[in-house]
């Protein structure tokens, strides 16, 4: 079935769905397969729930003319998204990096929405399924699309760029994330830089943190719009950064006070300022958008529980993000500081050495009490008085059920699989 014909039918629909629990009236349902499911078997149910058309790749589930049979449903989703992106002919900003992608995306969205009709990746739908769904959520009213791209192996960013066809790109940073899939830190740099190569080939433009030597090196030869905290010749110069504990940056003598905790969020804010400036958003509106942005989903959230101040950053973790989170905790003036740290996943053969290195890096940090959770940290446990190690969350739960936490600043951070936000209920 030709993609042009499918696209014509898609335009008759109100939305796209791959999950029958999210079916809306007159939606376009695409039946995907997974390791433990085959959505072809839900095609008829999708029609009964209100879908106008369903795309299947198993002829055994064909029902009527509203059932569209294709060779491969996933490939059709991706091809349809690419065709739709070309059909709309809008500006697309591609966004990737090891840390801070989602926060940066939300900040850019907030800033650009002050002037344009903007749509962006919802949540972290940033993979080979999420990126096409994001593109298919754009419509003729969308002026700028922001597409977050995640990756854990080589050639994935290249593949996602081929679908999304970004005109602009920004890489937040190159960190020690997904080392197993990328094949080490150098592999991370190579994999993320596939966005630069795509934009170079397509005569696109990049937004660059000029204080990051790797970004400068890997983007060489591509038209760039830059920001810096050190170089006054950058397109956007950020003259001052503070975090006490919320991050504030100074741009053109204007202090922008965010609701984000952690100095590591400064560059996320700076990127949003830079992209807003490039697209001629008024500086007052940039300031307003950033100051009104309130983080959610366990990302850099500051809250109170009893007499304790909590820094909940439990959405994910890797050696790079863990290091900057701990550095931020050190800089906070507080009578008592505590850190609950969960295992960091997807580090492959470097997992033991990275967990050991992190534990070793804080051996002189006697102002903070550390509670490590998970088998990876447990396997490299130390005997320092201010460090406690628990192989499982249940072990931690038993221990702190009889401990009183008062008047403390508490950091909670770990990989998503650790679900360390559960600690909040224990305090």
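The values are calculated or read from the model by the stated rules, or taken from the named source; none is laboratory data. Everything quoted here is computed from the prediction, not taken from an experiment. Cβ coordinates were reconstructed from backbone atoms using ideal geometry, including for glycine residues, and neighbour counts include every protein chain displayed.
Taken together, 222, 214, 157 contain a single residue that is buried (at least 22 other Cβ atoms within 10 Å of the Cβ) and assigned by TED's automatic domain parsing to the domain that holds residue 275, which is 157.
Among the residues of the stretch 299-315, which ones are touching a strand residue (DSSP E or B) at 6+ places or on another chain (Cβ under 6 Å) and either buried (at least 20 other Cβ atoms within 10 Å of the Cβ) or over 14 Å from residue 258 (Cβ atoms) (or both)?
First, pick out the residues of the stretch 299-315 that are touching a strand residue (DSSP E or B) at 6+ places or on another chain (Cβ under 6 Å): 300-303, 308-314.
Of everything in the stretch 299-315, those that are touching a strand residue (DSSP E or B) at 6+ places or on another chain (Cβ under 6 Å) and either buried (at least 20 other Cβ atoms within 10 Å of the Cβ) or over 14 Å from residue 258 (Cβ atoms) (or both) turn out to be 300, 301, 303, 308, 309, 310, 311, 312, 313, 314.
Can you find a residue in the stretch 172-189 that is over 26 Å from residue 328 (Cβ atoms), modelled with pLDDT of 95 or more and surrounded by fewer than 20 Cβ atoms within 10 Å (Cβ to Cβ)? No, because not a single residue in the stretch 172-189 is over 26 Å from residue 328 (Cβ atoms), modelled with pLDDT of 95 or more and surrounded by fewer than 20 Cβ atoms within 10 Å (Cβ to Cβ).
In the condition set (1) buried (at least 20 other Cβ atoms within 10 Å of the Cβ); (2) part of a loop (DSSP other than H, G, I, E, B), residue 296 is compliant with all but (1).
Counting the residues of the stretch 1-53 that are assigned to a loop (DSSP other than H, G, I, E, B), touching a residue at least 60 places away in the same chain (Cβ under 8 Å) and surrounded by 13 or more Cβ atoms within 10 Å (Cβ to Cβ) gives 3.
Could you go through the stretch 198-216 and let me know if any residue there is in contact (Cβ under 8 Å) with a residue 60 or more places away in the chain, over 26 Å from residue 344 (Cα atoms) and not in a helix (DSSP H, G or I). Yes; the residues of the stretch 198-216 include at least one that is in contact (Cβ under 8 Å) with a residue 60 or more places away in the chain, over 26 Å from residue 344 (Cα atoms) and not in a helix (DSSP H, G or I).
Among the conditions (1) part of a loop (DSSP other than H, G, I, E, B); (2) surrounded by fewer than 16 Cβ atoms within 10 Å (Cβ to Cβ); (3) within 29 Å of the chain's Cα centre (by Cα), residue 383 misses just one, which is (3).
Scoring residue 157 on the criteria (1) without any contact (Cβ under 8 Å) to a residue 40 or more places away in the chain; (2) within 28 Å of residue 72 (Cβ to Cβ); (3) touching a strand residue (DSSP E or B) at 6+ places or on another chain (Cβ under 9 Å) leaves a single failure, condition (1). Determine whether the stretch 11-22 contains at least one residue that is in contact with a strand residue (DSSP E or B) (Cβ under 7 Å, 6 or more places away or on another chain) and modelled with pLDDT under 90. No, the stretch 11-22 contains no residue that is in contact with a strand residue (DSSP E or B) (Cβ under 7 Å, 6 or more places away or on another chain) and modelled with pLDDT under 90.
For the condition assigned by TED's automatic domain parsing to the domain that holds residue 211, in contact with a strand residue (DSSP E or B) (Cβ under 6 Å, 6 or more places away or on another chain) and in contact (Cβ under 8 Å) with a residue 12 or more places away in the chain, residue 265 qualifies. Screening the candidates 345, 340, 390 for the property of being within 25 Å of residue 153 (Cα to Cα) and not assigned by TED's automatic domain parsing to the domain that holds residue 124 yields one hit, 345.
Against the condition closer than 19 Å to residue 175 by Cα and in contact with a helix residue (DSSP H, G or I) (Cβ under 7 Å, 6 or more places away or on another chain), how does residue 213 come out, does it pass? Criteria not met by residue 213. Evaluated against (1) modelled with pLDDT of 95 or more; (2) assigned to a strand (DSSP E or B); (3) in contact with a helix residue (DSSP H, G or I) (Cβ under 9 Å, 6 or more places away or on another chain); (4) surrounded by 15 or more Cβ atoms within 10 Å (Cβ to Cβ), residue 250 falls short on exactly one condition, (3).
For the stretch 126-149, which positions are surrounded by fewer than 23 Cβ atoms within 10 Å (Cβ to Cβ) and more than 17 Å from residue 80 (Cα to Cα)? Matches in the stretch 126-149: 141, 142, 143.
The lone criterion from (1) in the same structural domain as residue 150 (by TED's automatic domain parsing); (2) surrounded by 15 or more Cβ atoms within 10 Å (Cβ to Cβ) left unmet by residue 122 is number (2). It is to be established whether one or more residues within the stretch 405-423 are free of Cβ contacts under 8 Å to residues at least 12 places away in the same chain, outside the structural domain of residue 184 (by TED's automatic domain parsing) and part of a helix (DSSP H, G or I). No, that holds for no residue. Looking only at residues in the stretch 341-379 that are in a loop (DSSP other than H, G, I, E, B) and surrounded by fewer than 19 Cβ atoms within 10 Å (Cβ to Cβ), the one that is modelled with the highest pLDDT is 379.
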